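Right, one structure below, let's go through it.
None of the figures in this text is laboratory data; all of them are computed from the coordinates on show. Model, not experiment: these values are computed from the prediction. Cβ placement follows ideal geometry from the backbone for every residue including glycine, while neighbour counts extend to all protein chains displayed.
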């Protein structure tokens, strides 16, 4: 073998490393094979419940992941690098509310907001506004608010409370994160470039790279949520629902472990009638801000150190803002 052939084979070998898309395809094939080989074992109610939750989360989130990556790709390829840095106010105290309100324009869920926020950070947006957008986009957009109104007919105060609490959460966390001065780490900052050349080539390269990684992380998060959903003690809910404080904390924990898409979580909350309206508001505010699949997506996009600091801060701020808003409006 010549030196050129050897180097080409080595490059091909390096380019065929297993990625998250390969893992996803292997898991899908394994699941199909297991369905026929272990048909009797898979008919168990717990297994069927796990499968239902897992598929539901993936089906709900995947379109919005694709939407978010499409917008992220458009931002990365079409928008000049310094555009957002120019249009955002220099003072984060003003930039954070502007980014928070701008996040409400995009009809998407929390899965799609992660790649968009990462793209904004790469285009020069400061950490505070980027975080505010990350939290507001899946929580106060028109689709979510209409779904909430449909789920709670005759209770317009719930819609107003959800908007107010979620916007307040994005502002509080955005301002706090901006004060720390910590930048949002992104893949490009760690040396992962999406190539050069014509815009359409860079667009397809960027979208393919982000989609492969994000879908893999979504599968991990959905599997975790399905496992927690099936094993969670249902009797415990009935016991704690009668107490205001314990009901609020229970719904805050449920929002994290159930990992329900923001477009559908209002219908789940509406069905949990044993809890107070304030506790159900906490569920709807915490869910789009922090859950197990979202933590997985943020870890893959921004790094583990970011997720370990961001998730606890966001969860505590979400519980506090939703509880105070519920006390005032509900």
Protection proxy (average C-beta count within 10 Å per residue), highest first, orders 279-285, 119-125, 156-162, 291-297 as 279-285, 291-297, 119-125, 156-162
Compute the distance in nm between two label points, each set 7 Å from the Cα along the Cα-to-Cβ direction, one at residue 105 and one at residue 87.
-> 0.6 nm
Stretchable slack from residue 47 to residue 180, in nm (0.36 nm times residue separation minus alpha-carbon distance) = 43.4 nm
Please work out how much length the chain gains when fully extended from residue 309 to residue 327, using 0.36 nm per residue of separation minus the C-alpha to C-alpha distance, in nm with one decimal.
-> 3.7 nm
Roughly speaking, what is the stretch gain from residue 160 to residue 274, that is 0.36 nm per residue apart minus the C-alpha to C-alpha distance, in nm to one decimal?
-> 38.9 nm
At 20 °C and 1.002 mPa s, what whole-number value in µm²/s does Stokes-Einstein give for the translational diffusion of the range 246-330, with Rh from the Kirkwood sum over Cα pairs?
-> 166 µm²/s
